[in-house]
Amino acid sequence: MAVLLEFSMSPLGKGESVGDYVARSLDIIDQSGLDYRLHAMGTIIEGEIDEVLTVLKSCFETMSQDCPRITCTAKLDYRQGATGRLESKVASVEHKLGRTLK
């Protein structure tokens, strides 16, 4: 069952800039081999539900090693029989507008 998982995970109490912690999560995501897109407010991963949840859990476990408090928001999107949605959802909107978006 392929899904999109969008999530944002941050440590609390580690100051204003948490880029080092985000980078550690992105390393885990990148090494997973799953298709993903990083954006300014989080990351979207596409894969089988067990795969994306395993990645989310790995990011949490890594961050929890030196962060006593973590906040995470996560959202799943499932559409039966659909794959390649990281590209196709954007392409559909661009097609409707007749132009490429940022």
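Some points to look at:
- Residue in region 87-98 that is among the small types (G, A, S) and in contact with a helix residue (DSSP H, G or I) (Cβ under 9 Å, 6 or more places away or on another chain) present: no
- Among the numbered conditions (1) touching a residue at least 40 places away in the same chain (Cβ under 8 Å); (2) buried (at least 17 other Cβ atoms within 10 Å of the Cβ), the only one that G42 does not meet is (1).
- Residue that is at positive phi, out of contact with any Asp or Glu (no Cβ under 9 Å at 6 or more places or on another chain) and of a type outside the set (S, T, Y), where the choices are G84, G15: G15
- Region 67-93 residues that are touching a residue at least 24 places away in the same chain (Cβ under 8 Å), paired with ones that are outside any helix (DSSP H, G or I) and of a type in the set (S, T, Y) (beta carbon under 6 Å, 6 or more apart): T71/S10; T73/S8
- Residues of region 52-77 satisfying the condition of being within 20 Å of S88 (Cβ to Cβ) and surrounded by 17 or more Cβ atoms within 10 Å (Cβ to Cβ): V52
- Scanning region 13-39 for residues that are of a type in the set (S, T, N, Q), loosely packed, with under 15 Cβ neighbours inside 10 Å and closer than 26 Å to V90 by Cα yields a total of 1.
- Hey, G81 surrounded by fewer than 10 Cβ atoms within 10 Å (Cβ to Cβ), within 14 Å of A2 (Cα to Cα) and not hydrophobic (A, V, I, L, M, F, W, C) or not: yes
- The criterion of being touching a residue at least 60 places away in the same chain (Cβ under 8 Å) and either of a type in the set (F, W, Y) or under 18 Å from A23 (Cα atoms) (or both) does not hold for T54.
- Some residue of region 60-75 being under 17 Å from M1 (Cβ atoms) and in contact with a strand residue (DSSP E or B) (Cβ under 8 Å, 6 or more places away or on another chain): yes
Only the coordinates and a few stated rules stand behind these numbers; no lab work does. The structure presented is a predicted model; accordingly, all values stated were derived computationally and were not measured. Glycine gets a Cβ as well: all are built from the backbone with ideal geometry, and neighbour counts include every protein chain shown.
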